[in-house]
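Heads up: the structure comes next, in structure tokens.
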Amino acid sequence: MKVILLALVAAACGSSPAPGTGNGGRAVKVMLIDMFNQEGTTVVGQFGLTDNMTVAGLTVHCNKRDICEVVTGMGYANAAASTTALVYSPDLDLTKTYVVIAGIAGVDPAMGTLGTAAWARYAVDFGYANEIDAREMPTGWPYGYFGIGTTGPSDPPPTDHEGTMFQLDEHLLQAALAASQGVALTDNATAAATRAHYPSAPANQPPTVTQCDVVSSDTWFAGGPLSQRAHDWTAAATGGAGHFCMSGQEDSATLEVLERGAEAGRLDFHRVALLRTASDFSAPYPGQTDADGLLGSLDAGGLQPSLQNLPLVAAPLVTEIVNDWAKWQDGAPGA
Amino acid sequence: MVRAMRTWMLAALAALSISAKPADPVRDRAPIKALVIAATPEELQPWIAKLSLSIAISIPGMAASFPAVLCNADAVCAVATGPGKASAAATIAAIAYSSDLDLRSTYFVIADLARIDPTVGTTASVVWVTDAVDAGIAWEIDARTLPTGWMTGYLPIDAMSPTGHSPVTFGTEHFAIAPALIAKARALAGPVTLQDSPAAMAYRAMYSEPTAMATPTMLLGATATSDTYWHGALLGHRAHAWVDQLTGGTGTYTTMQQTDNAVLGVLARAAAAGMVDATRAVVIHAAWHFDRQHASQTAYDSLRADAGARAPALANLVAAGSPLVADIVASWPAWQMGVPP
């Protein structure tokens, strides 16, 4: 009975086109994914995304050049929910879409500064781990975090967990870097004053566009030991190739959904880029406590430049893609 | 002929509550009565056997480790989301936003193994969850350099101390489970005889708290969710204070696990999009371990110890939750309207 039914199901699938196979919806050339409204506002303004559509309860902002943007909401659950709604919507055709995840982040002062914009090669999950409070962890440990199922912080991440690490497409990454290298970044006096507390570059220098990598966790960690853990964990998860610089609260969840969507034929994971701009330092300057660094981060001046640099840095790539679609429609040039 | 066969087939599929992407995705689907949600295939296995879940429905976007929803002829289904918030949220969103299943009147039975606070209960116990609080959405610094007066390195985002309040709202920080649904589920479970094991008995005997040393029971309590699977007394104390704060003192921290707020968060989002009724979610935990060490043990040794309770906890989870599922099926016309009195 069951076998017969399943055969009939297969026959029925063949006899009528399934809805939502990515061909009936609005074809999008670039989809920018932001996480909260302030990010969205600057992006929507930059690209003139005044044409709104509603997709499964989400507002998607688009323009006539097929550039669209969505705000997922903050944290893993919202990022996954919104990205899923987008990816499987019959109202959108994302099969040739370039996805640019664009959000603000904390930056490791060893790798960047307030306002720095980083295109990621790797996105590593920080939060999926064991943790023992550092005051009662085994002697000699550098921090209380370690991989689930492992014996301690010096063990590599477990290999049986989906989503520990994502690698972004290298051709698209290089194209994004090349396009945005000369962008004049926004800065302000408060951010400059905060930077001056740091003794060395790049933390005490003006912001630049750079390449370094992202870790994600619902938990917004800060301070020396936890930044060290982000550095170590990124290296361990990427075979030493990744360099932690930006910490955010969504990317691993967003990328998990996009990767699954690619496997389902809804989009092309080679067309996903990840951009984070620094709103705050993830570690304090010498003489500043971890707590003071974290509590002072809101007044450190980095929020406005990070928000403004987000669309400024994304724009050259986005513009190139839509202006030269004939060159990009079959994949990033050089791929 | 083709048309007749297709009509018959749709009727047959409706009876089995599965669909083959019908022409009218709303009208042609039969409503799913209950969806059991576990984090891992191991946790789901006893349900698969108990509920005879032999119909697999693949939905794009599910976890590679569990790529199809399993259903039975009574329109009861189950899924393992994959561990952690990202996989749980991605999987449940894929199912909830899909037009493959009609989940608009479905009851969601979220059933997890969890670690339990030994000052509240013991291993192999069953916990009917009153509140799910996200312990991971927070600021954190390493606990060795805390300002004077801070008890923990975790604090609400944009707050000035661990006891401060966050002005930022993600929307997934706290979910209260419908009391009427909990009460009905508990009543249906009745006086379940909970399983235990000699190994679990021996392990809990090393604790000094009377609540930890007692035999397994069914209790009410709040849960804390985090991808970061913390362990030890200090982070346990923090979880207690955090749950107390986010529930306004109404929830008592009892268990911890890695997925509930992601699942409930996605259900809330899908409800806003008209795909599900998020008030029809119930959360049941069974304790396979403690969340912290006993007095003569380190936090690390406790984390790595075998508490001996995994098998009885799994059995008790199904024993406590399956009467609810059975009643939803048996009295569906009533349940479809809402939780029966």
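The values are calculated or read from the model by the stated rules, or taken from the named source; none is laboratory data. A quick note: this is a predicted structure, and the numbers were derived from the prediction, not measured. Cβ: placed from backbone, ideal geometry, glycine included. Neighbour counts: every protein chain shown.
Considering (1) modelled with pLDDT of 95 or more; (2) among the hydrophobic types (A, V, I, L, M, F, W, C); (3) in a loop (DSSP other than H, G, I, E, B), the lone condition that residue B:92 does not fulfil carries the number (3). Does any residue of region A:34-54 turn out to be modelled with pLDDT of 95 or more, in contact with a strand residue (DSSP E or B) (Cβ under 9 Å, 6 or more places away or on another chain) and surrounded by 24 or more Cβ atoms within 10 Å (Cβ to Cβ)? Yes, there is a match, as at least one residue in region A:34-54 is modelled with pLDDT of 95 or more, in contact with a strand residue (DSSP E or B) (Cβ under 9 Å, 6 or more places away or on another chain) and surrounded by 24 or more Cβ atoms within 10 Å (Cβ to Cβ).
Counting only residues that are part of a helix (DSSP H, G or I) and in contact with a strand residue (DSSP E or B) (Cβ under 7 Å, 6 or more places away or on another chain), how many does region B:289-313 have?
6
Considering region A:34-68, and only residues there that are touching a residue at least 24 places away in the same chain (Cβ under 8 Å) and of a type in the set (D, E, K, R), the residue that is farthest from residue B:270 (Cα to Cα) turns out to be A:65.
For residue B:162, the conditions (1) out of contact with any Leu (no Cβ under 6 Å at 6 or more places or on another chain); (2) surrounded by fewer than 22 Cβ atoms within 10 Å (Cβ to Cβ); (3) within 14 Å of chain A (Cβ to nearest Cβ) all hold with the exception of (1).
Scanning region B:17-38 for residues that are under 18 Å from residue B:325 (Cα atoms) and either modelled with pLDDT of 95 or more or surrounded by 19 or more Cβ atoms within 10 Å (Cβ to Cβ) (or both) gives B:17, B:32, B:33, B:34, B:35, B:36, B:37, B:38. Any idea which of (1) under 19 Å from the mean Cα position of the chain (by Cα); (2) of a type in the set (Gly, Ala, Ser); (3) closer than 30 Å to residue A:216 by Cβ; (4) more than 14 Å from every other protein chain (Cβ to nearest Cβ) is the one residue B:248 doesn't satisfy? Every condition holds for residue B:248 apart from (1). Restricting attention to region B:57-74, the residues that are within 10 Å of chain A (Cβ to nearest Cβ), out of contact with any helix residue (DSSP H, G or I) (no Cβ under 9 Å at 6 or more places or on another chain) and among the aliphatic types (A, V, I, L, M) total 1.
Any idea how many residues of region B:283-317 are within 24 Å of residue B:103 (Cα to Cα) and surrounded by fewer than 23 Cβ atoms within 10 Å (Cβ to Cβ)?
Residues that pass the stated criteria total 0.
So, in region B:132-147, exactly how many residues are part of a loop (DSSP other than H, G, I, E, B) and either more than 10 Å from chain A (Cβ to nearest Cβ) or touching a residue at least 24 places away in the same chain (Cβ under 8 Å) (or both)? Going through region B:132-147 one residue at a time, the tally reaches 3. For region A:104-139, the candidate set comprises residues that are within 14 Å of chain B (Cβ to nearest Cβ) and assigned to a loop (DSSP other than H, G, I, E, B); within that set, the residue that is surrounded by the fewest Cβ atoms within 10 Å (Cβ to Cβ) is A:139.
Within region A:155-174, being within 14 Å of chain B (Cβ to nearest Cβ) and either part of a loop (DSSP other than H, G, I, E, B) or closer than 20 Å to residue B:140 by Cβ (or both) holds for A:155, A:157, A:158, A:159, A:160, A:161, A:162, A:163, A:164. Of the helices (runs of 4 or more DSSP H) lying entirely inside region B:159-259, those containing at least 2 residues that are among the charged types (D, E, K, R) and in contact (Cβ under 8 Å) with a residue 12 or more places away in the chain are B:179-189.
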